[in-house]
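Trainee: The structure follows.
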């Protein structure tokens, strides 16, 4: 009854699977294209394109993202983001800068964070991204670029074939 209480040590909270970073776009990287799938992604470099992610997206302090409409489960911004955001949870850190509208169910900012746009809070947010398992992922293999001599040879052969089919050359 009069025992001295011992302080409980704080246990680190383990993030749930969708809130763990599994891929990183480094600070020296510039990427243009689209990013989709599931898992956590951290962007420390520059990214321009579409993002549809079932999972966590972190824009690090050195990250610069331009995306017309970013869709992710959880978005944490410590860098710069230009574009609208639809997410279940959005957090803008003190160094974070956002230019765009936000639709979310949970929103938080730190003092010093910047947002130029509107925030619309919803009870539940559908980000419109289906979960993708590795077995369902589709990879597109691109053919290697033609050698400079091969392209010129193909063009010459095509031109010769076309000239044989002209009405005056029969």
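Trainee: Taking square-rooted eigenvalues a ≥ b ≥ c of the alpha carbon gyration tensor, is segment 17-121 rounded, prolate or oblate, where a/c under 1.5 means rounded and, failing that, a/b exceeding b/c means prolate?
Mentor: Details: a/c = 1.41, a/b = 1.22, b/c = 1.16.
Rounded.
Trainee: Students often check this: by mean Cβ neighbours within 10 Å, which of 42-52, 115-125 ranks highest, and how do the rest follow? Provide the component values of the computation, followed by the final result.
Mentor: On the way: 42-52: 19.4, 115-125: 12.0.
Sorting 42-52, 115-125 by mean packing, highest first, produces 42-52, 115-125.
Trainee: Further question on the same structure: Stretched out fully, how many nm does the piece from residue 130 to residue 110 gain, at 0.36 nm a residue minus the Cα gap? Intermediate values should be presented prior to the final figure.
Mentor: Numbers: separation 20, 0.36 × 20 = 7.20 nm, distance 3.05 nm.
Full extension of this stretch gives 4.1 nm more.
Trainee: Next up: Report the label-to-label distance for residue 31 and residue 101 in nanometres (one decimal), using points 7 Å from each Cα along the Cα→Cβ vector.
Mentor: Rounded to a tenth, the inter-label distance reads 2.7 nm.
Any read-out appearing in this document is the output of simple, stated calculations on the displayed coordinates, not a laboratory observation. In this text, all values refer to a predicted model and were calculated from it rather than measured experimentally. When we count neighbours, we look across all protein chains shown, and the Cβ atoms used for this are built from the backbone with ideal geometry, even at glycine.
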